[in-house]
Amino acid sequence: MNICIIGTGYVGLVTGVGLAELGNRVVCVDIDRDKIDKLKRGVVPFYEKGLDELVKKNLKEKRVFFTTHLEEGINDSRIIFIAVGTPPREDGEADLSQVIQVAEDLARLMQGYKIIVVKSTVPVGTFQLIRKIFTREKKEGVDFDIVSNPEFLREGDAVYDFFNPTRIIIGIEKGREKVADELIQLFRPLNAPIIKTSIINAQMIKYASNVFLASRVSFINEIANICERVGADVNEIAKGMSFDKRLGEGYLQAGIGFGGPCLIKDLKALIKMAESYGYEAEHLKSILNKNEHQISHIVLKVKKIVGEVLYGKIIGVLGLTFKPGTNDVRSSLALRIIDLLKREGANIRAYDPCGIEEAKMCISDIDFCTDPYEVATGADAILILTGWEEFKKIDFLRLKKLLREPIIIDGVNLLDPEKIRSAGFVYRGVGR
Ligand SMILES: NC(=O)c1ccc[n+]([C@@H]2O[C@H](COP(=O)([O-])OP(=O)(O)OC[C@H]3O[C@@H](n4cnc5c(N)ncnc54)[C@H](O)[C@@H]3O)[C@@H](O)[C@H]2O)c1
């Protein structure tokens, strides 16, 4: 099948190359010239495990193509995926400007029938807007269908998730089952459960899923804070809970809270969406508030152990990305915490295995280091903010010699407390 993907970010690029790997001919379009130039040369503009090889292979086999010209992408494609960003606006609502721009451009360029599949996460009401734009802008006689196909991939495991999706949601307009059948055909090789539903249901499935994951993180952090007071270990609690099939084990990792490009944004957008339909989503607001409190809780933890006055103290930070396995720092809580520490007058030295260049674009006035030992040199404490596996392999005896004070505050419960304490450190985790 001939396919066009608009937007070659995390979602668009993985989907495009994944569909190419399944044997389709895929043209990926992006307005970012630099990104497209890199991709044409087989260079992936961000870090995602396994994606590099997949791009190179499908370029070589001439199944995937990259361009900045939309018409090159859509002319021969029957199915067009929209995978552009929907970042949060200042007030929490989803910023739909990228989606609107694409809809306008597409509608003007389309010469014949197309199936427009929206992968971007967009609030209820957006599809009416897209339909309106297409109806207004398209040439006479040119027909189209619109479909919602929300994405559930996890950055860091995006390639795995493309080939092993937990479910595929296809939201269609009433009476357009034939359109759904074409997409089912496209996704059939993935062998995943396929749920055919209405467009609104598809959108709400995406929002509800993300918000539920966020709620689990806020929940376990609440339990963690109680654990700290009663003397329990939240990791043991989460493990004990996870054997119950009704509860499962995902997203029960206590720590600094949930960050990243999706959970906070989608939670805020759902709260706003509910508001616009006259409903105050109190429970959802409390999930968000808990996440904000957790950030302050971590800063208080640092002050409690390093000293109430952070002015002039050197805090060594390990981890800048919103989670391990990615160089994405969008809405990274590590950066938020660093900012709060800086406001208290602390000097920050930081290291991340993958996200330093991206962090440099978001945060200034900190010392970026080349490894954990440089971070530790002369620091008053080490603060771990991303759970990179490589931090477990640090030579802690060497680290201790470099630190001014042997203090480790483990914001993501990455390390074994006993091991670290027996190496002579003062160790503080979250909820343990
Ligand atoms: N990143 C994730 O983990 C994830 C997971 C599930 C769903 N989503 C959703 O998928 C959507 C995309 O997310 P992302 O993280 O891939 O975004 P991204 O910011 O990484 O990528 C968006 C891309 O769209 C391009 N773009 C913008 N306007 C364009 C235009 N007019 N024409 C062509 N290209 C254009 C940008 O240059 C960029 O490369 C969002 O709605 C997001 O909420 C993201």
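The values are calculated or read from the model by the stated rules, or taken from the named source; none is laboratory data. These numbers come from a predicted model, not from an experiment. As a convention, Cβ positions derive from the backbone with ideal geometry for all residues, glycine included, and neighbour counts pool all protein chains shown. Just the protein is used for accessible areas: all its heavy atoms, side chains included, with ligands, DNA and RNA removed. Shrake-Rupley method; radii C 1.70, N 1.55, O 1.52, S 1.80 Å.
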* Under 7 Å by Cβ, and 6 or more places apart or on different chains, what pairs join a residue from the stretch 13-29 that is outside the structural domain of Lys56 (by TED's automatic domain parsing) with one that is not in a helix (DSSP H, G or I)? -> none
* Which one is surrounded by the most Cβ atoms within 10 Å (Cβ to Cβ), of the residues in the stretch 32-85 that are within 16 Å of the ligand (Cβ to nearest atom) and of a type in the set (Gly, Ala, Ser)? -> Ala83
* Looking at this structure, is Gly92 more than 9 Å from the ligand (Cβ to nearest atom), assigned to a loop (DSSP other than H, G, I, E, B) and open to solvent by less than 70 Å² (accessible area, probe 1.4 Å)? -> yes
* Condition test on Glu249, is it of a type outside the set (A, V, I, L, M, F, W, C) and modelled with pLDDT of 95 or more? -> no
* What residue, among those in the stretch 233-270 that are within 16 Å of the ligand (Cβ to nearest atom) and part of a helix (DSSP H, G or I), is most open to solvent (accessible area, probe 1.4 Å)? -> Lys268
* Asked: So how many residues does the stretch 171-210 have that are of a type outside the set (D, E, K, R) and within 20 Å of Gln128 (Cβ to Cβ)?
  -> 15
* May I ask you to list the residues in the stretch 12-31 that are open to solvent by 40 Å² or more (accessible area, probe 1.4 Å) and within 14 Å of the ligand (Cβ to nearest atom)? => Ile31
* Asked: Is at least one residue of the stretch 95-107 part of a loop (DSSP other than H, G, I, E, B) and modelled with pLDDT of 95 or more?
  -> yes
* To do: Please verify whether the stretch 385-407 includes one or more residues that are of a type outside the set (Ser, Thr, Tyr) and at positive phi.
  => no
* Kindly indicate whether Ala202 is within 14 Å of the ligand (Cβ to nearest atom) and either farther than 19 Å from Lys49 by Cβ or outside the structural domain of Gly125 (by TED's automatic domain parsing) (or both). => yes
* Structure fact -> Apart from one, (1) touching a Cys at 6+ places or on another chain (Cβ under 8 Å); (2) over 27 Å from Leu320 (Cα atoms) all hold for Asp233; the odd one out is (2)
* Asked: Say we look at the stretch 138-148 and pick out the residues that are open to solvent by less than 50 Å² (accessible area, probe 1.4 Å) and over 21 Å from Ile205 (Cα atoms); which of these is nearest to the ligand (Cβ to nearest atom)?
  -> Phe144
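Looking only at helices (runs of 4 or more DSSP H) that lie completely in the stretch 340-432, which have at least 2 residues being closer than 22 Å to Ile226 by Cα?
Filter on the stretch 340-432 gives 417-422.
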* Within the stretch 311-357, track down each residue that is of a type in the set (Asp, Glu) and under 24 Å from Tyr160 (Cα atoms). => Asp328, Asp352
* **Filter result (within 26 Å of Thr126 (Cα to Cα), within 16 Å of the ligand (Cβ to nearest atom) and open to solvent by less than 80 Å² (accessible area, probe 1.4 Å)) within the stretch 205-219** => Ile205, Lys206, Tyr207, Ala208, Ser209, Asn210, Val211, Leu213, Ala214
* Check Glu177, Glu151, Glu222 and return the single one that is in the same structural domain as Ile82 (by TED's automatic domain parsing), touching a residue at least 40 places away in the same chain (Cβ under 8 Å) and open to solvent by 20 Å² or more (accessible area, probe 1.4 Å). => Glu151
* Would it be correct to say that Lys360 is among the basic types (Lys, Arg), touching a residue at least 60 places away in the same chain (Cβ under 8 Å) and surrounded by fewer than 22 Cβ atoms within 10 Å (Cβ to Cβ)? -> no
* To do: Quick one: in the stretch 339-368, of everything that is of a type in the set (A, V, I, L, M) and out of contact with any helix residue (DSSP H, G or I) (no Cβ under 9 Å at 6 or more places or on another chain), which residue is farthest from Ile382 (Cα to Cα)?
  => Met361
